[in-house]
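Read-outs throughout are calculated quantities, based only on the coordinates presented, and are distinct from any laboratory measurement. Everything quoted here is computed from the prediction, not taken from an experiment. Every residue, glycine among them, receives a Cβ derived from its backbone with ideal geometry; neighbour counts consider all protein chains shown.
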C-alpha cells in the first residue's frame, strides 16, 4: 500500500469510526434504520421472501431442532428459581386476573349456547364416552350387588348377592358372577343409545346459563383460597433432573410434536394462509397490523445499536473489523491500479 493509499485508508477508517462512535451513533443508526424501513415497507412480502423459501427454512429449522442437556439444566434451574420466588410471595388469584375479567370470560362462555350443545352432542355420540359410561354404570351395579345382602339391609360381612350365591349354593352357582357380568354388559350394550341420550339431557340440564355462572363463582372462590406458597413447595419435587424431570419430558414431547404429521400440516396451513393474506401486499400493511411503526423501528434500533457499538468501541473490536474491511479493499488490484 503506497503513501496515498495509506492516507486514504486511515482517513476512511477514522471517518467510519467517528460515524459509529459517541453522539453520532444515534444519528447514523437512526437515519439508516429510517431509510431501510421506508424501503422495506413499500416492497411486497412475496417479492422479498418467497413462500417456498420460507417453507424450506422452516423445514430445515424443525429437522435440525433438538434440546441439549445444557438447555434442560437451564430450564430446570429456572423452574426451581421461579418456584422458590413464588414460595416467598403472597400471590393470590386476583394478582393474576381480576374478578371482573373472570366474569367477562364466563359470560362469553355462557353466550356460546349452540357450541355448547354441539359439543355435548359430539360427546355423547363418541364411542369412547359410551364405553366409559357403560363401565361406570356396570361397576356401580356390580359394587352394589357385592356389598348389599338380598334383604337390602346392611353392608359388610361379605353378604352381597355374589357372596350368597357362592356361600350357600356352592359349586352349583359358582359361575353366577360371570353370568351376571355378561348379562349386565349385554343389557347396557343393548340400551346404550337411550342411556347416552339420557346422559346428554342431564348434562344440558346441568349446564344452564345460571348454573355455569354458579359453577364459575364457586371455582373462583376455590382459586381465591389457593395457597400458592404450598403449591410452589410441592412443585419443587417435580423439577429433579433425569428422565422423569419436567424439562426432559417437555423436550421429549416438543420433539415428538414437531416431527408429527399433524404439526407439519398445521404449520403449512398457517404459512399458506399468511401468504394468501399478506403475500401480495406491501410489507407496510403487515407492519401496521403488528404495530411496527417507523418510529418504533428507529427508536429500538438506536437503543440496541448504541449499547452494542459502545462496547465494540471500548474493546477495540469495531476498529479492528473496520481496518480489516478497508485494508482488503486498498490492497485489492483494482484499488492499487487506481492509486498507483
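Can you put 72, 236 in order, fewest other beta carbons within 10 Å first?
Ascending number of Cβ neighbours within 10 Å: 236, 72.
Distance between the C-alpha centers of the range 282-337 and the range 7-29? Whole Å please.
Value for the Cα centre distance between the two parts: 12 Å.
Provide, in order from the shortest bin, the percent of all Cα-Cα pairs of the range 1-112 in each 5 Å bin, continuing until the bin that contains the maximum pair distance.
The distribution over the range 1-112 is 2, 8, 6, 6, 6, 7, 8, 15, 19, 10, 4, 3, 2, 2, 1, 1, 0, given as percents.
Taking 1 over the mean of 1/r across every pair of different Cα atoms in the range 32-89, what Kirkwood radius in Å do you get?
15.8
Calculate, in nm to one decimal, what residue 46 and residue 94 gain on full extension: separation in residues at 0.36 nm each, minus their alpha carbon distance.
Fully extending the segment from residue 46 to residue 94 adds 12.8 nm.
Per 0.36 nm of contour for each residue apart, how much would the distance between residue 252 and residue 215 grow if the chain were fully extended, relative to their Cα-Cα spacing?
9.7 nm
Within 10 Å of each residue's Cβ, count the other Cβ atoms and sort 106, 252 from fewest upward.
Going from least to most buried by this count: 252, 106.
Using only Cα atoms, what Kirkwood radius does the chain have, in angstroms?
29.7
Would you list 269, 326, 49 from fewest to most Cβ contacts within 10 Å?
Placing the least packed residue first, the sequence is 269, 49, 326.
Where does the chain land at 222 nm, in deg cm²/dmol rounded to the nearest 500, when only DSSP H runs of n ≥ 4 count, each adding -39500 (n - 2.57), divided by all residues?
Helix-only estimate at 222 nm: -25000 deg cm²/dmol.
With labels modelled as points extended 7 Å from the Cα through the Cβ direction, what inter-label distance (nm, one decimal) is found for residue 262 paired with residue 229?
4.1
How tilted is helix 209-224 with respect to the longest principal axis of the chain? Cα atoms for both, answer in degrees (0 to 90, nearest 10).
Long axis of 209-224 versus the principal axis of the chain: about 70 degrees.
Please compute, over every Cα-Cα pair in the range 217-340, the percentage with a separation greater than 21 angstrom.
I get 77 percent for the Cα pairs in the range 217-340 exceeding 21 Å.
Pulled fully out, how much extra length does the chain show between residue 203 and residue 36, if you take 0.36 nm times their separation in residues and subtract their Cα-Cα distance?
Result: 54.2 nm gained on full extension.
Please give the FRET efficiency for residue 27 paired with residue 276, using the beta carbon to beta carbon distance and R0 = 45 Å, rounded to the nearest 0.05.
0.65
Could you work out how far helix 261-278 tilts from the main Cα principal axis of the chain, as a 0 to 90 degree angle to the nearest 10?
With rounding to tens, the tilt is 50 degrees.
Using only alpha carbon pairs under 8 Å that are at least six residues apart, calculate the relative contact order of the chain and give it in whole percent. Mind showing how you got there, number by number?
Working: 221 pairs, mean separation 146.1, N = 340.
Reported relative contact order: 43 percent.
In nm, to one decimal, how far is the modelled label at residue 129 from the one at residue 59, with both set 7 Å along Cα→Cβ?
Taking the simple label geometry, residue 129 and residue 59 are separated by 3.9 nm.
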